[in-house]
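Everything below concerns the one structure shown next.
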């Protein structure tokens, strides 16, 4: 089988085994197939699927310790949650995704099954679930940082942290959130968006 150029470009940027790459390719193929019937992601992002969604999600992996319980909130089509489940499976992470849209959850269940990702999928509103006691909360393109911190507070252990992928307005969101939250912040540059940022947040306490 010939590996598509965009998958090879991903592997050059983010080294993974050929087995993991094949599973990510299956994920991408399923997304394109389902997208024809269900609006899983913005249609204009499909041509750049590998960079816009898969690499963007995978870049969180180095910030996640082995065997951690990771809860991805507002997962949508599984970004970053299912990508992390596939990439980090051999490290024994316990990956949970939370999404209220039943059709998107049906898609994620199919990806989870076919790619043997081993994730647990919760079809529910974030605030309706009992605490999932996460070591790490992840999220991408869900809500403002202030709102994300509220959601994370429900499901994160007091010793845990949050990893949020944020776009060009991240500084503004952080300034706003710090009016209501005391947070230990580490900023990591995004490899997919020059003006974007990965915010690593610890010891978040409501003021």
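We did not get these values from a lab; they are worked out from the coordinates using the rules stated. Owing to the predicted nature of the structure, the values given are computational and were not obtained by experimental measurement. All Cβ positions, even for glycine, are placed from backbone atoms using ideal geometry, and neighbour counts span all protein chains on display.
Things to note:
- Computed E for residue 38/residue 12 - FRET, C-beta separation, R0 35 angstrom, nearest 0.05: 0.70
- Normalised convex hull volume, the chain, alpha-carbon set, Å³ per residue: 111 Å³
- Shown is the FRET efficiency for residue 157 and residue 207, computed with R0 = 35 Å from the Cβ-Cβ distance and rounded to the nearest 0.05: 0.95.
- Estimated distance in nm for a label pair at residue 188 and residue 116, the labels positioned 7 Å out from Cα along Cα-to-Cβ: 2.7 nm
- Ratio Rg/Rh [Cα only; Rh per Kirkwood] for segment 120-162: 0.93
- For peptides 103-114, 77-88, 40-51, sequence by mean Cβ density within 10 Å, most packed first: 77-88, 103-114, 40-51
- What the Cβ-Cβ distance of residue 195 and residue 124 gives, at R0 = 45 Å and to the nearest 0.05, is a FRET efficiency of 0.85.
- Take every DSSP beta bridge whose two residues both sit in segment 52-207; close to 45 percent of them are antiparallel.
- Inter-label distance, nm, simple model (7 Å from Cα along the C-beta direction), residue 22/residue 106: 2.9 nm
- Between the Cα long axis of helix 18-35 and the first principal axis of the chain there is an angle of about 90°, rounded to the nearest 10.
- Over segment 19-61, the fraction of Cα-Cα pairs per 10 Å bin, rounded to whole percents and listed from the shortest bin up, is 27, 57, 16, 0.
- Angle between the chain longest axis and helix 102-114 axis [Cα atoms, degrees, rounded to 10]: 60 degrees
- Net length gained if the chain between residue 144 and residue 29 were fully extended (0.36 nm per residue, minus Cα distance): 38.4 nm
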